[in-house]
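Written out below as structure tokens is the structure these notes cover.
What follows draws every value from the coordinates through simple rules; no lab data is involved. Treat the numbers as computed from the prediction; the structure is a model and nothing was measured. Here the Cβ is made from the backbone with ideal geometry for all residues, glycine too, and neighbour counts use every protein chain on show.
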Amino acid sequence: MPESELLIDIQEVAATFGKSVESIRKYKNFGIIRVTDKCGNKDLFDRSEILEIRDRLRSLRLQGLTLAQIADQLDSARTEDLTGMEPGAAVPAPKPGPDQPFRILVVDDEPDVRTNLREYLEKQSYDIREAADGEEALAKTFTEQPHMILLDLRLPRLDGYQVCHTLKSNAITAGIPIIMITALNTTPQKVKGLESGADDYISKPFDLEELGARIRMVRRRLPPS
């Protein structure tokens, strides 16, 4: 088969799955399907991989799994196939290149909170990305590949506990450190957050200097590049 026929665009992927292009974009955002190449601004996908994922997706859908859970299952299978790792074994967190800033995904449903955190952290030379709800947080973790996540607990669609548990259960994202931000300043809530996989937590209202110190502390725990 000519090389040009090995790659298909998103419209062909949608036809292969029998889904809308919007649904396929959501699959891409969750990491269920992966871009193989680009032609200008057009995403291209490997035909054989798409066919394999289509068959796996049918089986996983019958189990009643969410898109995040399906992404977890597929990533575990990919990790095992490519590296020989056991399913669930964590891949090291992405690290910035020599000339790249440390990227932090700020997840909070309050625009003012996100703006304040962005302004403060950008002054500290961090590269800031934002998400306003739990599903967007999961999607942007796969697309933006942050080096750390600041995660509010009270979120629309999926709460912070669900987001944290999903990311820490996924071999591809398990190594990304997560600092939970919570207005629920009680010991049971903090324990639940840590049990969900959070690396640290800070309670609202918090001092920005204290948050900066916690970010630096968590960064020091990361394995060297």
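Backbone geometry of region 15-21 corresponds, through the Karplus equation with coefficients 6.51, -1.76 and 1.60 at θ = phi - 60°, to 3J(HN,Hα) couplings of 5, 5, 7, x, 10, 6, 4 Hz, x marking Gly and Pro. Tally Lys/Arg at +1 and Asp/Glu at -1 over every other residue whose Cβ is under 14 Å from the Cβ of Leu62; what's the total? Taking every other residue near Leu62 into account, the sum is +3. What does the charge count around Val107 come to, taking other residues whose C-beta lies under 9 Å from its C-beta (Lys +1, Arg +1, Asp -1, Glu -1)? That sum, taken over residues with Cβ under 9 Å, equals -4. The mean sequence separation of alpha-carbon pairs under 8 Å and at least six residues apart, normalised by the residue count of region 3-64, gives a relative contact order of 37 percent. At the listed q of 0.13, 0.18 Å⁻¹, the Debye profile of region 103-221, built from one uniform point per Cα, gives log10 I(q)/I(0) equal to -0.42, -0.86.
Taking each of Lys19/Lys95; Lys19/Lys168; Lys28/Lys204; Lys140/Lys204 in turn, the alpha-carbon distance tops 31 angstrom for Lys19/Lys95; Lys28/Lys204.
Can you give the net charge of the other residues whose Cβ lies under 13 Å from the Cβ of Asp133, counting K and R as +1 and D and E as -1? Let's see the in-between values first.
Details: positive: Arg114, Lys140, Arg154, Arg157; negative: Asp108, Asp109, Glu110, Glu130, Glu135, Glu136, Asp152, Asp159.
Neighbour charge sum, excluding Asp133 itself: -4.
Of the residues Arg118, Arg58, the one with the fewest other Cβ atoms within 10 Å heads the list, and the complete ranking is Arg58, Arg118. Fewest-first ordering of Glu144, Glu209, Glu52 by other beta carbons within 10 Å of each residue's beta carbon gives Glu209, Glu52, Glu144. Each of Lys42, Lys26 has some number of other Cβ atoms within 10 Å of its Cβ, and from fewest to most they run Lys42, Lys26. In order along region 205-222, the phi-based Karplus estimate (6.51 cos²θ - 1.76 cosθ + 1.60, θ = phi - 60°) of 3J(HN,Hα) comes to x, 10, 7, 4, 5, 5, 4, x, 5, 5, 4, 5, 5, 5, 4, 5, 7, 5 Hz; Gly and Pro are listed as x.
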